[in-house]
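Have a look at the structure below before the remarks.
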Amino acid sequence: MNASADVLRLSGIRKSYNVGTPVEAEILHGIDLRITRGEFTALIGPSGSGKSTLLNIIGLLEAPTSGEVDIAGHRVSHHDDDTLTRLRSQTLGFVFQFHHLLPAFSALENVLMPQIIAGHRVTAALQREALALLDAVGLGGAEHKKPAELSGGMQQRVAIARALSIRPALVLADEPTGNLDTKTAADIFTLLRAFNRDFGTSFLIVTHDPRLAATCDRRVTLADGQIVSDERTAPM
Amino acid sequence: MMRFELQIALRFLREGRAQSALIVGGVMVGVAVVVFISALVAGLQSNTIRRTLGAQAHIVAKPIEPMARVQIDAGDAGIARVQTAPRKVRSIDNWQQVMAAFEAVPGVVAASPMASGPAIALRGEGRNAVTLFGVDLARYDRIVDLRDKLTSGTLRLEPGDVLVGAELARDLGADVGERITLTDGTANSTGERFQIVGMIDPGNRDLSRRSVYLPLHVAQNFLGVPGGVTSIDLRVRDVFAADAVAARVARVAPLTVESWMLTNNQLLSALNAQSMATGMIRVFVSIVVMLGIASVLVVAVVQKTREIGILRAMGASRGQMLRVFLLQGGLVGLLGSVLGALLSAVLIFGFSHFVHGADGNPLFPITLTLPLLGYACITATLCGMLAAIAPARRAARLDPARAMRA
């Protein structure tokens, strides 16, 4: 990690689809963005403004057409897929709107999955850690349930526990409360806040909910593929 | 370490239970068919070879047939008549030395002199054209296991004794201990009387109907070749190398040397055709099984697109996803082939116990060998992985962001 303690730095990010065809369309028109360690940021904007595309680029799931991405001090352009995959598994946590849990695995196995993918033996210590995370998201005792046996809010909690299990520098959340009721949504936000406070993990959260966005330290607004406003409420 | 890949592969297979069961069932049936047919054909072939070779020498050396004579008929210009020399019993010169030389040829394990020729067997009203086999029983027993083929009586050949084919005895209505007359078939021959001391079943009906074994020197006198032999029979160590050994034997003496492979050309080509048919069945069943595995895995990749996207987002590499699906193919092949091996054992048990020939005995022995089972399991597992290559590459190439939206 470099001295600036930036977990994310984007400069001049452009993204076009169908490059070289008559239907070529540029979705992102040169995004510059920096997120420092411990920041709790909301990414807001109308649908179609390019939020999800930007999140995928930051999550190393898509490559930008041009521009530079630095994650935790690593310049990621020109890396091969395996290097990107490794960097992703070591520094980034994902929470998606539709939970994206593996239906064949229990809550506990889902939380342990990033470690299993990394080839780690599931030791008693790792298991204790995962159980503690599930406990922290309020799912103590539900560790052996399959996703289908859990409510939407509970599934999202499992996804959060999973995202945090690798102690990521940055958690990317794509409308994590999108399909949850207001009360549950508020609880999930509170939970994310608690992890932000306790572990110093940075969060970048795409949300449509203005009230939840208002609770964040920083709000970045995207419209038509450009950042149109960037405001902070809490002193860093 | 493939712990992750194995864990995911197993879980994916368990999740698509009906699909997995169907394709494992397909592999099972395919492997069972291949193993059963292979064992059946192997049993049939070794039985056929055993029966064929049981009654004949692996290699027979005979005097060279004299050249055909071409006669030009002067009266009818241009028309030639080809006439082979009249058949008569010919003997091998210096056969004792020749036989000793044959025994020294590598690959030859036994040699036996034989004086054979045609005769007529008579008893009461019955008359049969027969072939006399004059043998030195001690030596001949090492060429053809007569003891094994003796159906009644005793195996001995004193002067005046004959061993006859069981069918011949039935045709003549003669039993052990009874007498038959042998003549050379010429009008002024009164023939000689012999006592049947045993009956032989050479495993071939035609041979059984015309075989008469008698002591070598008796046959020599009867056939008019005192002290001579008409052929030397050899036994070789490896029956399928008989051709090569025959070629070496032919260099020792100026004789016509024929191996069983030459005289049973048709049988050999039938066996080869059988092996080829089995091979084709193997190949086509493998192809069908592979297509089945591949189609199921293609569907599985589509069904699991989202999960693949999630795993990739959580740090699974392309290589890991590739191996997850290759392993699924391999596991399906392995599990299916183990079950198929069990099924083939059941089929073979059923065949040996419930399918009988006309005589009420099992047709021929079939055995399931461990190498065959191992071969089947390894091939099925490899075929499964081979079939999984295309689907696995597809899974590995999936773009994680797009896959998760699926």
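The values are calculated or read from the model by the stated rules, or taken from the named source; none is laboratory data. All figures in this text were calculated on a predicted structure; none of them were measured in a lab. Every residue, glycine as well, gets a Cβ built from its backbone with ideal geometry; the counts of neighbours run over all protein chains shown. Just the protein is used for accessible areas: all its heavy atoms, side chains included, with ligands, DNA and RNA removed. Shrake-Rupley method; radii C 1.70, N 1.55, O 1.52, S 1.80 Å.
Quick notes on this one:
- Which listed residue is crowded, with 21+ Cβ neighbours inside 10 Å and within 19 Å of the chain's Cα centre (by Cα), from A:Gly73, A:Gly38, A:Gly45: A:Gly45
- Residue match in segment A:173-183 (condition: within 14 Å of chain B (Cβ to nearest Cβ), under 22 Å from A:Thr36 (Cα atoms), part of a strand (DSSP E or B) and in contact (Cβ under 8 Å) with a residue 60 or more places away in the chain): yes
- Residue match in segment A:56-63 (condition: of a type in the set (Gly, Ala, Ser) and open to solvent by less than 20 Å² (accessible area, probe 1.4 Å)): yes
- Selection of first residues in segment A:84-101 that are facing chain B (nearest Cβ under 7 Å) and of second residues that are β-branched (Val, Ile, Thr) and open to solvent by 30 Å² or more (accessible area, probe 1.4 Å), restricted to Cβ pairs under 7 Å at least 6 apart or on distinct chains, gives the following pairs, ordered by first then second residue: A:Ser89/A:Ile166.
- Taking the listed residues B:Ala21, B:Ala39, the one that is without any contact (Cβ under 8 Å) to a residue 12 or more places away in the chain, among the aliphatic types (A, V, I, L, M) and more than 14 Å from chain A (Cβ to nearest Cβ) is B:Ala21, with no other qualifying.
Yes/no matrix, rows are residues, columns are (1) touching a residue at least 60 places away in the same chain (Cβ under 8 Å); (2) surrounded by 20 or more Cβ atoms within 10 Å (Cβ to Cβ):
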position: B:Ser208; (1), (2): no, yes
position: B:Val229; (1), (2): yes, yes
position: B:Ala241; (1), (2): yes, no
position: B:Ala244; (1), (2): yes, no
position: B:Thr256; (1), (2): yes, no
position: B:Ser259; (1), (2): yes, yes
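- Number of residues in segment A:102-131 that are open to solvent by 60 Å² or more (accessible area, probe 1.4 Å), of a type outside the set (S, T, N, Q) and assigned to a helix (DSSP H, G or I) equals 4.
- Screening the candidates B:Asp175, B:Asp201 for the property of being out of contact with any Lys or Arg (no Cβ under 9 Å at 6 or more places or on another chain) and among the charged types (D, E, K, R) yields one hit, B:Asp175.
- The criterion of at least 3 residues that are at pLDDT 85 or above and among the hydrophobic types (A, V, I, L, M, F, W, C) is met, among strands (runs of 3 or more DSSP E) falling completely within segment B:1-113, by B:59-62.
- Where strands (runs of 3 or more DSSP E) fall entirely within segment B:188-247, those with at least 1 residues that are farther than 30 Å from B:Asp171 by Cα and among the β-branched types (Val, Ile, Thr) are at B:231-236.
- Candidate set: segment B:163-187, residues that are of a type in the set (A, V, I, L, M) and within 32 Å of the chain's Cα centre (by Cα); chosen: the one surrounded by the fewest Cβ atoms within 10 Å (Cβ to Cβ): B:Ala166
- Checklist (1) open to solvent by 20 Å² or more (accessible area, probe 1.4 Å); (2) away from chain A (no Cβ under 14 Å) applied to B:Leu322, failing item: (2)
- Among (1) within 36 Å of the chain's Cα centre (by Cα); (2) open to solvent by 20 Å² or more (accessible area, probe 1.4 Å) - the single one B:Pro202 does not satisfy: (2)
- Residue check for B:Gly309: open to solvent by 10 Å² or more (accessible area, probe 1.4 Å), within 19 Å of B:Pro391 (Cα to Cα) and part of a helix (DSSP H, G or I): no
- Among the candidates A:Arg157, A:Arg197, the residue that is crowded, with 22+ Cβ neighbours inside 10 Å, assigned to a helix (DSSP H, G or I) and out of contact with any His (no Cβ under 9 Å at 6 or more places or on another chain) is uniquely A:Arg157.
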